[in-house]
Amino acid sequence: MEKKSKTTRLVVMAFLVALEIILTRFCSVNTPILRIGFGFLPVSMMGILYGPIWAAMGYAVGDILGMLIFPSGVFFPGFTVTAVLTGLVFGFFLHGKEKITWKNVLPASLIIILLLNLCLDTFWLSILMGDAFIALLPTRIFKCAVMLPIHLVLIPLVWNRIMSKLPLSIR
């Protein structure tokens, strides 16, 4: 088995962070209270490849850099907390799995979508915008309903068709 070099890990992480920024900032539908996008894909790949700590750090860096380079409002650290927790959850549930299937992804996605995105992000938005938590829920529930099947299809598809084909030195 090939040994993973620290340099290779940093390069792959930098690539995935850059990809997360691009997918979040440019390949998503944005409204003031709703973002439907694909930034979760590189983060899930970080979690699968390198585990919870690296995925958490990578998503935090991506969140902060994305906000600094392409600001879309004021910086609010609560969303960075959600990013860190998202990376931890993906890494905890998906790292070290022999094969990534929708069954592996389901618990991680439910925690991320229902607890972190629906509850925690809605709480952050209510603080940031001054709106009542309950008033924000209908749109946020819609986002969750859309994102769960997207997670369950795309994460296994991207891993099994693309990422798992990478050389072992990268994985």
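The values are calculated or read from the model by the stated rules, or taken from the named source; none is laboratory data. These numbers come from a predicted model, not from an experiment. Accessible surface is based on the protein model in full, side chains and every heavy atom, while ligands, DNA and RNA are left aside. Shrake-Rupley method; radii C 1.70, N 1.55, O 1.52, S 1.80 Å.
For this structure, a couple of remarks:
- When the alpha carbon gyration tensor of segment 77-121 is reduced to an equivalent ellipsoid, its three semi-axes come out at 21, 12, 5 angstrom, largest first.
- Kyte-Doolittle mean at least 1.0 and Cα axial length at least 18 Å: DSSP H helices in the chain: 6-26, 52-69, 77-94, 133-161
- The translational diffusion coefficient of the chain, from Stokes-Einstein at 4 °C and 1.567 mPa s with a Kirkwood hydrodynamic radius over alpha carbon pairs, comes to 80 µm²/s.
- Full-extension gain in nm, Ala132 to Arg161, via 0.36 nm per residue minus C-alpha separation: 6.2 nm
- Over the chain, accessible surface divided per residue gives 53 Å², non-protein components excluded, 1.4 Å probe.
- Accessible carbon and sulfur surface of segment 32-162 relative to its total accessible area, %, 1.4 Å: 76
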